[in-house]
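The values are calculated or read from the model by the stated rules, or taken from the named source; none is laboratory data. From a predicted model like this one, the values you see are computed outputs, not experimental measurements. Because the Cβ atoms are built from the backbone with ideal geometry, glycine has one as well, and the counts that use them run over all protein chains shown. Note: areas computed on protein heavy atoms with side chains; ligands, DNA, RNA excluded. Shrake-Rupley method; radii C 1.70, N 1.55, O 1.52, S 1.80 Å.
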Amino acid sequence: MSEEELEKNLTEDEYIEYWVNKGVSQANHTVEHRQLSKQKEEKFNMIVEMTVPWQRNLVMQLIDDIKSIENARSSIEMDRTIKLIYDNEHRLNKVW
């Protein structure tokens with residue numbers, strides 16, 4: 001089954017999951033993504049190292065919270081974008 005046929009037969013939730021997984025998979029294989037992720041992690045580690053020892057756990061927890069917020073925001077934006085694409089494609093298919 002071609003990708004196009006597969007997309008037409010998916011529910012909205014399946015369509016979103018399919019494209020999120022595909023996008024994440026493709027992004028993980030790019031050099032830019034790996035470099036940016038590495039740089040970001042190095043900066044977070046530098047912040048932790050610069051923190052006085054008795055505050056390190058708190059700083060690491062704050063960094064984890066920041067990462068969670070970033071992931072949630074990205075996920076919501078990605079879901080909304082994919083839903084718009086799904087709605088547009090299915091509206092167009094009904095017209096034709």
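The table below gives the values:
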item: Any hit, segment 56-63, residues being within 30 Å of LEU10 (Cβ to Cβ) and open to solvent by less than 80 Å² (accessible area, probe 1.4 Å); result: no
item: Some residue of segment 64-74 being open to solvent by less than 100 Å² (accessible area, probe 1.4 Å), in contact with a Lys or Arg (Cβ under 7 Å, 6 or more places away or on another chain) and either in contact (Cβ under 8 Å) with a residue 12 or more places away in the chain or among the charged types (D, E, K, R) (or both); result: no
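Listed here are the residues, each with its yes/no results for (1) in a helix (DSSP H, G or I); (2) over 19 Å from the mean Cα position of the chain (by Cα); (3) at pLDDT 90 or above; (4) not small (Gly, Ala, Ser).
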{"site": "GLU41", "(1), (2), (3), (4)": "yes, no, yes, yes"}
{"site": "VAL48", "(1), (2), (3), (4)": "yes, yes, yes, yes"}
{"site": "LEU62", "(1), (2), (3), (4)": "yes, yes, yes, yes"}
{"site": "ASP65", "(1), (2), (3), (4)": "yes, no, yes, yes"}
{"site": "ILE69", "(1), (2), (3), (4)": "yes, no, yes, yes"}
{"site": "SER74", "(1), (2), (3), (4)": "yes, no, no, no"}
{"site": "GLU77", "(1), (2), (3), (4)": "yes, no, no, yes"}
{"site": "ILE82", "(1), (2), (3), (4)": "yes, no, no, yes"}
{"site": "GLU89", "(1), (2), (3), (4)": "yes, yes, no, yes"}
